[in-house]
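> Sending over a structure as structure tokens; questions will come in a sec.
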Amino acid sequence: MAPGDVWLNPLPLFHVAGCVVGVLGALASKAALVQPLVFEPGLALELCESEGVTAFGTVPTTLIAMMEHPDFAGRDLSSLRAVGAGGASVPSALVRRIEAALGLQFSVLFGQTEASCTITKTRLDDSADDKAETIGLPLPQTEVCIIIGLPLPQTEVCIMDPATGGVAAPGEVGELCTRGYAVMHGYYEMPEATAAAIDAERWLHTGDLATMDSRGYCRIVGRIKDMIIRGGENIYPAEIEEVLFAHPAVGDVAVVGVPDAKWGEQVAAFVRLAPGQQADERELHRYVREHLAPHKTPREWIFLAELPMTASGKVQKFVLREQFVESRR
């Protein structure tokens, strides 16, 4: 954001992105703020046109809803120059689709409430591949230092090997950890939870599995708690979701590990088809096999009209798992 920008904030104010990035970010940047009381994709598109919105930040599901709305093609969105998304894994196909459809620049943000709230982001002038395939570089915090007038350090990020506690080699999968002035002091009156989240060297353990290349660019692989262990093999749902989201018939997808008597866990894909599109289990199975190994290809396919969401637009994977288990009893 910059002075003169018109920022649309479609996220709820109880969400750290809505409050900190949206409201406080607009105030700090002297940008105009357009704040709908609730998110509705048609209303968001109408406000973009009527208010001359130049940029907004959101979560992937909200952005998908706007792009699937019947008004999307007919609204004048020429004022938009940048869109940011985070809060959940952002499919590379979605990044490329929105840039191509609107001729704007996309930025992927990664962060947590406990880190107030952005840890890494892609820059608008990054390459197309870096913007689509990575979560960017750690924030330098230059702008924040200028605003509050303090010589604060940069955000530190490392990929930590969960088994050894050491720093993982470039390209190796580990837990993304961060430290710096933006990391919380702790959870209020919850010392045990604080100790579990922040280690003795003040590293905040995000619970996200990631890699970092030699340039410092990070890629999210998945959540530690979401990782599927099938027959001793580690499977990362985000990789499968990325492939499936690129299929033109898929509107949204969540991949979850479900109990299996033989393999321990099995891969299940919960799919919401895009409006007006059709695809069956056989077609999607064949499509995934063109890109991924057999053990990563979902064995269970469940087609839903909607995926269960939190109020902030994140898929509730635990609900999908519980519903699956209940349906097999």
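> Dipole size in debye (nearest 20) for the range 1-125 around its Cα centre, Lys and Arg Cβ +1, Asp and Glu Cβ -1?
380
> Roughly how many Å² is the accessible area per residue of the chain, as a whole number, for a 1.4 Å probe?
Dividing the accessible area of the chain by its residue count gives 49 Å².
> Positive end of the dipole of the chain, charges at C-beta (+1 Lys, Arg; -1 Asp, Glu), about the Cα centre: which of 38, 9, 275 has its Cα farthest in that direction?
275
> Taking the Cα centre of the chain as origin, sum charge times position over the Cβ atoms of Lys and Arg (+1) and Asp and Glu (-1), and report the length of that vector in debye to the nearest 20. Spell out each step's value before the answer.
Numbers: 27 positive and 42 negative charges, 53 e Å.
Around 260 debye, computed over the chain.
> Follow-up. As an exercise, find the ratio Rg/Rh for the range 22-113 from alpha-carbon atoms, using the Kirkwood inverse-distance average for Rh.
Rg/Rh for the range 22-113 comes to 0.93.
> Given Cα pairs under 8 Å that are at least 6 residues apart, what percent is the relative contact order of the range 181-297? All intermediate terms of the calculation are to be shown ahead of the outcome.
Values: 152 pairs, mean separation 19.3, N = 117.
Once normalised by length, the contact order is 16 percent.
> Can you give me the three principal axis dimensions of the range 62-137 from its C-alpha atoms, in Å, biggest first?
38, 26, 21
> For the range 176-208, which GluC sites (Glu not before Pro) pass both filters: DSSP loop (anything but H, G, I, E, B) and at most 16 other C-beta atoms within 10 Å?
189, 201
> Amide H of residue 119 versus every other amide H placed in the peptide plane: which residues, excluding those fewer than 5 positions away on the same chain, fall under 5 Å?
110, 111, 112
> Could I ask something else about it? Output the peptides 266-275, 282-291 sorted from most to least packed, where packing is the average of other Cβ atoms within 10 Å over each peptide's residues.
266-275, 282-291
> Dividing the alpha-carbon Rg of the chain by 2.2 N^0.38 Å yields what?
Working: Rg = 20.1 Å, N = 329, 2.2 N^0.38 = 19.9 Å.
That works out to 1.01 for the chain.
> Dipole of the range 18-85 (Lys/Arg Cβ +1, Asp/Glu Cβ -1, origin at the Cα centre): which of 77, 59, 19 lies farthest to the positive side?
Result: 19, furthest along the dipole toward the positive end.
> Let me ask another. Heavy atoms only, probe 1.4 angstrom, no DNA, RNA or ligands counted: give me 296, 131 ranked by accessible area, highest first.
From most accessible down to least: 296, 131.
> Farthest toward the dipole's positive end in the chain, which of 250, 205, 303, given Cβ charges of +1 (Lys, Arg) and -1 (Asp, Glu) about the Cα centre?
Among 250, 205, 303, the one farthest towards the positive end of the dipole of the chain is 303.
> Moving to a separate point now. Any of 30/225; 30/121; 262/314; 121/225; 131/225 with alpha carbons more than 29 Å apart? Name them for me.
Correct reply: 30/225; 262/314.
> Continuing with the same structure: Given the whole protein assembly as supplied and a 1.4 Å probe, what does the accessible area of residue 6 come to in Å², nearest 10?
Accessible area of residue 6: about 30 Å².
The values are calculated or read from the model by the stated rules, or taken from the named source; none is laboratory data. These numbers come from a predicted model, not from an experiment. Ideal geometry is used to build each Cβ from the backbone, glycine not excepted, and the neighbour counts take in all protein chains shown. The protein model used for the area step is the full one, side chains on, heavy atoms only, and it has no ligands, DNA or RNA in it. Shrake-Rupley method; radii C 1.70, N 1.55, O 1.52, S 1.80 Å.
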